[in-house]
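What follows draws every value from the coordinates through simple rules; no lab data is involved. Nothing here was measured: the structure is a model prediction, and the numbers come from that model. In this analysis, Cβ positions are derived from the backbone assuming ideal geometry, glycine residues included, and neighbour counts consider all displayed protein chains.
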Amino acid sequence: MKLAWILWLSQMLPQPAADSLCLSTTVYLEARDQSVRGQQAVAEVALRRRDSGLWGNTLCKVVTAPKQFAPSLVPTDTNLRNDDAWAEAVAIALDSQRNWALPPGKRREIVPGASHFAASAIASPSWRNAYQVATIGDHTFYRVQKLKPRHA
């Protein structure tokens, strides 16, 4: 399936289905070759950003914000071909959303406070000297800024 089709479909679906599709797509594009823990950490960063409202108030807006996540960085004719990785990304996205819906003290946090991540082999962002929360697989997770939920 092509990224362009997925992004179009996400605009047609009601919430929360659209957000689940956008998060699944992001986990797939960013971390399909990483461990489950690494994929969960990518999802967690997107969920934390959604809660802050700084990049948008839906996961679709967050992950398609310019130059933030793979859905806005890779060509829209990119084909998502690995069915097994897609199924795993969907399962991880749904599980991450269920986990994040819990009260903050009850959530499983993989990368507490992380607002950004980068694959050091392919990216060298200006904020790479920020506080490093964790390195999981090929990704390093950073707390670039302290994000607070917009409703707090």
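Mind checking whether some residue in the stretch 71-79 is surrounded by 16 or more Cβ atoms within 10 Å (Cβ to Cβ) and outside any loop (DSSP other than H, G, I, E, B)? So far as the stretch 71-79 goes, yes, one or more of its residues are surrounded by 16 or more Cβ atoms within 10 Å (Cβ to Cβ) and outside any loop (DSSP other than H, G, I, E, B). With respect to the conditions (1) part of a strand (DSSP E or B); (2) surrounded by fewer than 14 Cβ atoms within 10 Å (Cβ to Cβ), ALA87 lacks only one, and its number is (1). Taking the stretch 1-27 as the range and being part of a helix (DSSP H, G or I), over 22 Å from GLY113 (Cα atoms) and in contact with an Asp or Glu (Cβ under 9 Å, 6 or more places away or on another chain) as the test, the residues that pass are LEU3, ALA4, SER10.
Can you tell which of ARG98, ARG37, ARG50 is in contact (Cβ under 8 Å) with a residue 12 or more places away in the chain, surrounded by fewer than 21 Cβ atoms within 10 Å (Cβ to Cβ), part of a helix (DSSP H, G or I) and of a type outside the set (A, V, I, L, M)? Walk me through how you get there before you give the answer.
Details: ARG98 fails: in contact (Cβ under 8 Å) with a residue 12 or more places away in the chain; ARG50 fails: surrounded by fewer than 21 Cβ atoms within 10 Å (Cβ to Cβ).
Testing whether each residue is in contact (Cβ under 8 Å) with a residue 12 or more places away in the chain, surrounded by fewer than 21 Cβ atoms within 10 Å (Cβ to Cβ), part of a helix (DSSP H, G or I) and of a type outside the set (A, V, I, L, M) leaves just ARG37.
Selection within the stretch 101-138: residues that are of a type in the set (Lys, Arg) and assigned to a loop (DSSP other than H, G, I, E, B). The member of this set that is farthest from VAL36 (Cα to Cα) is ARG128.
Checking each residue of the stretch 123-133 against the condition of being under 15 Å from GLN40 (Cβ atoms) and surrounded by 15 or more Cβ atoms within 10 Å (Cβ to Cβ) gives at least one match.
Exactly one residue out of ALA130, ALA87, ALA91 is farther than 23 Å from LEU21 by Cβ and free of Cβ contacts under 8 Å to residues at least 24 places away in the same chain, and it is ALA130.
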